[in-house]
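Readers should treat all values here as calculations from the given coordinates under stated rules, not as data from a laboratory. Because the structure is predicted, anything quoted here is derived from the model rather than measured. Ideal geometry is used to build each Cβ from the backbone, glycine not excepted, and the neighbour counts take in all protein chains shown.
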Amino acid sequence: MKKVLLLVQTFLMAVLFVGCQFSENLHINEDGSGKISFNFDGSEILQIGGDKITEGKEEIIDSTLVFKDFLEEKKDSIAQLSAEEQQKLKKLENFRMHMLMNPESKEMKFDLYSKFKSVDELDDVFNNFKTASSIGNKNKADETGAPGGNPLSSAEGKDPTRVVYSYKKNKFKRVTQILDKEKLKMSVDSMEQMKMFLASSKYKINYHFPKKIKKISSDKAMFSQDGKSFTLEVGFLEYMENPKVLDVEVELEK
């Protein structure tokens, strides 16, 4: 489990480095159920600075983390969290995360995925995942006296943004709520020295629907041949500076 926690933290830190390709994939069925996955390919990180990242970890790691098992193992730590944080973690019970790190082939990939019965269940799932990873970080800090915390969360443990998904009456929405503009600005400012390295990083959303798309709010979206899917890609820096750049409203044909 310690090895898995290390990889989870590596994933979160890797999002902030050069050459990250991050995609958010959503498949919605006719009844509103479906599957969501967050895919991260950090292979370029290993190709550029692999020796430092894999130092002491030369073995191939190909592992799947079942969050239900993870939450059971960490139940004592979870019981010490606030009711709000415990509720966030509860929403991750059905998620799994596949992690691959191969220093020899220079591969580093992470896939976080789950099926859902309703889009409403997704409620800010990625920030909830960051909350889960911080449990292992906190335990390590308690044991060693080293600073804990999550590299992608604010200093006070509160995320400055929240993403909400909805799907009702042939209309889908992905809406980013800015909860704290000052904290968001601080997060962007903290990456000032990394802008050169983040220039090639991308964040892409791939959404698939049960019916053809009638109209969409973004003029940058690329449609599939059958008209039921779209892809929207932005630079990672652009997304960090303006998280609402990936907000979309989609109307499907009846």
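Things worth noting here:
- Within the straight-line cut-off of under 14 Å between alpha carbons, the aspartates and glutamates reachable from Lys183 are Glu156, Asp159, Glu241, sequence neighbours fewer than 8 places apart in one chain being disregarded.
- Among 203-214, 169-180, sorting by the average number of other beta carbon atoms lying within 10 angstrom of each residue, highest first, gives 203-214, 169-180.
- Using a cut-off of 22 Å between Cα atoms, the listed pairs Lys168/Lys204; Lys171/Lys254; Lys169/Lys212; Lys88/Lys204; Lys181/Lys244; Lys88/Lys115 include Lys168/Lys204; Lys88/Lys204 as exceeding that distance.
- All aspartates and glutamates inside 18 Å of Lys35 as judged from Cα atoms, apart from same-chain residues fewer than 8 positions distant: Glu24, Glu93, Asp111, Asp120, Glu121, Asp123, Asp124
- Cα shape, region 158-254, gyration tensor, a/c 1.5 rule: oblate
- Between Lys169 and Val66, the FRET efficiency from the beta-carbon distance, with R0 = 35 Å, is close to 0.50.
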